[in-house]
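The values are calculated or read from the model by the stated rules, or taken from the named source; none is laboratory data. Keep in mind it's a predicted model, so treat the numbers as computed, not measured. For neighbour counting, all protein chains shown are included, and Cβ atoms are generated from backbone atoms with ideal geometry for every residue, glycine included.
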Amino acid sequence: MINQMSKMRNFNIRAPFSREIIAAIRAFQDNTYVHPLTCGMCDSDAPMMVLESGLNCKSCGHIQAWIPESVLRLTNPALAGNFMKEQ
Ligand SMILES: [Zn+2]
């Protein structure tokens, strides 16, 4: 059970983001069925802008240089699968 849980644990994907990953994150940010990735440093609830260097908060300028892998699992499962094999 513990092994199964650890295999399924979430992990972060770090910037710089490839074009494929940027497209997947943008699809996530535009998906109306999930809460978009928002800034953890200020009160803004606006979706963060997706750049190669990370997610950029339009309100305070913070750059978050990682995303949870679950974002890719939703928007590009094949891409997420590649990351899981590499880890
Ligand atoms: Zn912010």
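Going through region 52-78 one residue at a time, which ones are free of Cβ contacts under 8 Å to residues at least 12 places away in the same chain and within 16 Å of the ligand (Cβ to nearest atom)?
Hits for region 52-78 are ASN56, GLY61.
Which condition does GLY81 not pass, out of (1) at pLDDT 95 or above; (2) away from the ligand (no atom under 16 Å from the Cβ), if it passes all the others?
Among (1) at pLDDT 95 or above; (2) away from the ligand (no atom under 16 Å from the Cβ), the lone unmet condition for GLY81 is (1).
Working only within region 53-87, note down all residues that are within 12 Å of the chain's Cα centre (by Cα) and over 21 Å from ASN31 (Cβ atoms).
ALA65
Just for region 25-51: of the residues that are under 12 Å from the mean Cα position of the chain (by Cα) and either near the ligand (Cβ under 10 Å from one of its atoms) or small (Gly, Ala, Ser) (or both), which one is surrounded by the fewest Cβ atoms within 10 Å (Cβ to Cβ)?
Among those residues, the one meeting the criterion is ALA27.
Take region 52-87 and flag every residue that is of a type in the set (Asp, Glu) and surrounded by 17 or more Cβ atoms within 10 Å (Cβ to Cβ).
Passing the criteria: only GLU69.
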